[in-house]
Amino acid sequence: MQRLVSWLASHPLGIIVLTALLSVAAGIALIDLPGPSLRVQIDPSIERLLPPQDDDRALFDRVRAQFGETDPVLLAVRFDNVYTAENIERIDRLTRRLGELDGVRQVISIANVQNPVADDAGIDISTFAAQVRANPDAVSRFAAQIAENPIYRDALVSADGTVAAFALTLQGIDENRFRSENYTERIRTLAREITGAQTVWITGSPVIKAATTDAILHTLKFTIPAIFVLVAVLLFFAYRSVRAVLLAGLTIALSMLWTLAAAAVLEIPVNLVTALVPPLVATLCLSYTVHMLAEFFASERGEQDRARFERVLRRMGVSLLLSGATTVAGFLALIPGSLPAIAQFAGLSSLGVGFSVLLTLVFLPAVLIYAGPQRPLRPLGEAMFARKARRLAMFDLRWRNWIIAIALLSLPIDLYYASRIRVGTEYIKNFDAEATVRRDFEAINAAFGGANLVSIVIDTHVDDALTDPARVREIEALQDWLRRQPEVGAAVSYVDHLKLINRNLNDGDPAYYRIPDDATAIKQLLVFGGSDEIRRVIDSRFRTALIAVRIKADDSIGITEFVNRTEARLRQMPPPLNGRVTGSPVLATRTVNAIASGQLTSLLVASVAIWAMLALMFTSARSALVAMLPNVLPVALYYGTLGLLDITLNPTTSLIACVVLGIAVDDTIHFLARFNADARARASEKAAVKSALAAVLRPVTFTMVALGLGFLVFTGSELQNQVQFGVLAAFTILMAWIADITLTPALGSKLRIVTLWDILRLDLGQSPQHTIPLFSGLSLRQARVFALMSRLETHLSGTRVIRQGDYARDIYVVIDGTLEVSIERGGERKILTTLHRGAVMGEAGYFGQRRTANVDAVTPVRVLRFDSEDLERLRRRYPRIAAIVYRNLNRIQAERLARATAMLQ
């Protein structure tokens, strides 16, 4: 590790050149020339967040393949009165023009559907438009005819007769083409030109997906520049150096470039979840640069470039690496059992964090050495933060027990409110209330009793099973039940076609609007009336049927309640009738529920992973638990807030807990790492709390501000779930900061931490466990742990280490150097012995006696100094090491007593 640090410090120019080459490669991977255009794809579909092999998604795809597209584009045009000859003619012209659009397979409207009418010559099955052309007065009967037809009622014309609907079925047009060729506005413009109407509404899955794509792109175009403005303002305020701001901004830009290039190479699309990654990575990288710049500019006057680089790597290496590792752990905890989109978000975010840490730790100090200022102007607010830190440290130490008690008592309260959290999300209400896509959807939803289309598939796996009168009546009963549900605006199946055909073939007699009693008659009627409309609701073998249900509910909670109720009703049908609910709204809702259902698992995985890393880093499970408490607390408070304010757990809010847990622990690590060093140097935990808080308060506050403002940038999004994500994440980060400046110091005031980094770099000479008797029986790691729990002191030649006659309770172990033991008698100095490596001295003071001799350094020496409190702390945290040390102390004392007895004899 030391060799790697030295090598990196010796080659800053090589680091810059390598970073430039990698960035050029990332640009080539990301940008598609000529154009230029990004190779990253936009995917606004919620249902495609489900894995391809998912059973629900497979059913949805099978239904579309068998019965045709179930998500048409819905166009609605308002007239003064639809039922006039002129308006029917306009609707007919618009229907034909819409059908001529490239990619439109079929258009259904009142103009082109059949209107079976019985007369003296038989049955007229011409269209409404044809009947108007033959007899303009026929239009006066259309309202009553449509009201009597359950297939057309509230589907082609609104109940008040003022709004006409058009259903456009697309073929060969995906979301990207629909959006890029602006089909929504082309359809709207065509409708206004032909009908002369000013009120035109358009909705449907393709329209909403196109609007979602536009919103995602707008979010990226707004949030990324906004974050760079935030970088400039915040860093200039903090360090008052334009060059430092530009170089930190360059580091953030490169981390985003590498992350987006990874998305392009790995073919990870930008969807509703992964769209959060670029601004999130930029925000995290900003927080890392704040700490790096603080350490880089904390140099001594005249410090050489290489020495500065090495100091930065040694001081920041462990904390930045651990900060990045805990953040990555928070992201990766989202993967187990999660949906592809969440796994993609977690993986891409982890890569982005890794790139950010690497660039901040290696590239930023290298480029600062070449192009940055040697020292910035005096940072603004430095004196104020120093004063606040002293007051805050005194507050934390004075009210230590109360702070810890309040933190512990708040946990059950938060858990109580968290138990009230509901899982769900809004779909169309995810857009702003003034957004055209939302207003159009809500207008059509109100005019036609629902704009969301759900399908119920009835499978029998038996040919002609659906021509049996008893089974047909079961499906009729199911339809009647569906129509009574508060969410349902209409429910149409082949049973409606069957009854209409039966009535029309019997001179329109209402008595024949029923199900025939004979299976053969039912089959003959269905074959006779085998139009395109019937083939869209029942297959040619009469074994599978589709009930098209139009529902008013748009939020996932309402849809879930309807689906659960419907599935319970479907289970009551006798065999061989088997029913399942499908459709885009159903898939989207199940996706939301699947994302949120793994929340507890993800949080537990993240907590355990972060605790394990902290335990490894601090070489103590207990210390890791203490470090976790200030970070678990804001997460618990976040969940409690969701339950208290009735905010649902949805695809974006479900990400916050693991993300913030991984981020919030960073400041805890920075404080404890500094506290650890100061506690060892000052030999006082209370003094270390004050000095550590004074050192980290300013950078952790700027980090909190950076993260909070970075998350608040999402409030500029057009999608409400991303706005919600930004506000809640910023709130949780603020709570984590409060915990880190109050609870962490309170807990740390009685805590001595030994980090893995300290163990690896501590020099106790060669084989201390073999050359120092006190360490006999310990491993090298255990010997270093004991040394770190003690105080390693250096004394210059001629320094008096122990003074005869003093009261002190410290024991010393010589690590290297030479000392002389002497006494003063009659004004003369008498040398008793010389001490070298491994010698123990000062044990008399440990047992409450005065120092019996002077001990002076003959050469520069290093000694370990410990007392009874250190040994007690060692016993509590490392009982095995303490037992061996106690045994060795007893052995050393016994040997010394034996030698003294022998001399007396």
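The values are calculated or read from the model by the stated rules, or taken from the named source; none is laboratory data. Here the structure is a predicted model, which is why all the values come from computation and not from measurement. As a convention, Cβ positions derive from the backbone with ideal geometry for all residues, glycine included, and neighbour counts pool all protein chains shown.
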Please list, ordered by first then second residue, the pairs with beta carbon atoms under 8 Å, 6 or more apart or interchain, first in the range 550-579 and closer than 25 Å to Phe441 by Cα, second among the polar types (S, T, N, Q) and assigned to a helix (DSSP H, G or I). Lys552/Asn445; Asp554/Asn445; Ser556/Thr589; Ser556/Asn593; Ile559/Thr589; Thr560/Thr589; Thr560/Asn593; Val563/Thr589
Among the numbered conditions (1) outside any helix (DSSP H, G or I); (2) in contact (Cβ under 8 Å) with a residue 40 or more places away in the chain, tell me where Glu434 comes up short. (2)
Which pairs turn up if I take residues in the range 600-617 that are among the polar types (S, T, N, Q) and look for partners that are surrounded by 20 or more Cβ atoms within 10 Å (Cβ to Cβ) and at pLDDT below 80 with beta carbon separation below 6 Å, at least 6 apart in sequence or on another chain? Ser602/Ala333; Ser602/Leu334; Ser602/Cys658
Matching residues, the range 135-158, being touching a helix residue (DSSP H, G or I) at 6+ places or on another chain (Cβ under 8 Å) and either of a type in the set (S, T, N, Q) or outside any helix (DSSP H, G or I) (or both): Asn149, Pro150, Ile151, Tyr152, Arg153, Leu156, Val157, Ser158
If we keep only residues of the range 410-446 that are at pLDDT 90 or above and touching a Ser or Thr at 6+ places or on another chain (Cβ under 6 Å), then the residue surrounded by the fewest Cβ atoms within 10 Å (Cβ to Cβ) is Ile444
Only residues that are within 53 Å of the chain's Cα centre (by Cα) and surrounded by fewer than 14 Cβ atoms within 10 Å (Cβ to Cβ): list them for the range 846-896, please. Ser868, Glu869, Glu872, Arg876, Pro879, Arg880, Ala883, Tyr886, Arg887
Residues satisfying the stated conditions in the range 532-558, i.e. among the hydroxyl-bearing types (Ser, Thr, Tyr) and farther than 23 Å from Asp61 by Cα: none
From the list Glu148, Glu185, which one is charged (D, E, K, R) and within 21 Å of Leu500 (Cα to Cα)? Glu148
When you go through Leu101, Leu75 one by one, which is the residue that is modelled with pLDDT of 90 or more, out of contact with any Asp or Glu (no Cβ under 9 Å at 6 or more places or on another chain), farther than 22 Å from Ile151 by Cα and not charged (D, E, K, R)? Leu101
In the range 794-811, how many residues are under 17 Å from Ile823 (Cβ atoms) and in a loop (DSSP other than H, G, I, E, B)? 5
Select, from Ala615, Ala636, Ala606, Ala596, the only residue that is at pLDDT below 75, touching a helix residue (DSSP H, G or I) at 6+ places or on another chain (Cβ under 7 Å), within 30 Å of Leu322 (Cβ to Cβ) and assigned to a helix (DSSP H, G or I). Ala596
Just give me the residues in the range 559-588 being under 28 Å from the mean Cα position of the chain (by Cα) and part of a loop (DSSP other than H, G, I, E, B), in sequence order. Gly583
For the range 166-223, give me each residue that is within 35 Å of the chain's Cα centre (by Cα), among the polar types (S, T, N, Q), surrounded by 15 or more Cβ atoms within 10 Å (Cβ to Cβ) and assigned to a helix (DSSP H, G or I). Asn176, Thr184, Ser205, Thr212, Thr213, Thr219, Thr223
Can you name every residue in the range 235-272 that is among the hydrophobic types (A, V, I, L, M, F, W, C), in contact (Cβ under 8 Å) with a residue 12 or more places away in the chain and closer than 20 Å to Ala371 by Cα? Leu235, Phe237, Ala238, Ala244, Val245, Leu247, Ala248, Leu250, Ile252, Ala253, Leu254
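Residues are listed down the side, and each one gets a yes or a no for (1) farther than 21 Å from Ala159 by Cα; (2) assigned by TED's automatic domain parsing to the domain that holds Ala144; (3) of a type outside the set (D, E, K, R):
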position: Arg62; (1), (2), (3): yes, no, no
position: Val77; (1), (2), (3): no, yes, yes
position: Asp80; (1), (2), (3): no, yes, no
position: Arg90; (1), (2), (3): no, yes, no
position: Arg96; (1), (2), (3): yes, yes, no
position: Gly99; (1), (2), (3): yes, yes, yes
position: Gly103; (1), (2), (3): yes, yes, yes
position: Ile108; (1), (2), (3): no, yes, yes
position: Ala111; (1), (2), (3): no, yes, yes
Exclusive hit being in contact (Cβ under 8 Å) with a residue 24 or more places away in the chain and touching a strand residue (DSSP E or B) at 6+ places or on another chain (Cβ under 8 Å), set Ile538, Ile501, Ile515: Ile538
Tell me whether the range 782-791 contains one or more residues that are of a type outside the set (Val, Ile, Thr), at pLDDT below 85, part of a strand (DSSP E or B) and under 30 Å from Ala612 (Cα atoms). yes
Phe711 fails exactly one of the following numbered conditions: (1) buried (at least 20 other Cβ atoms within 10 Å of the Cβ); (2) touching a Phe, Trp or Tyr at 6+ places or on another chain (Cβ under 7 Å); (3) not charged (D, E, K, R). What is the number of that condition? (2)
Might you check whether a residue that is closer than 30 Å to Val608 by Cα and either polar (S, T, N, Q) or modelled with pLDDT under 75 (or both) occurs anywhere in the range 361-373? no
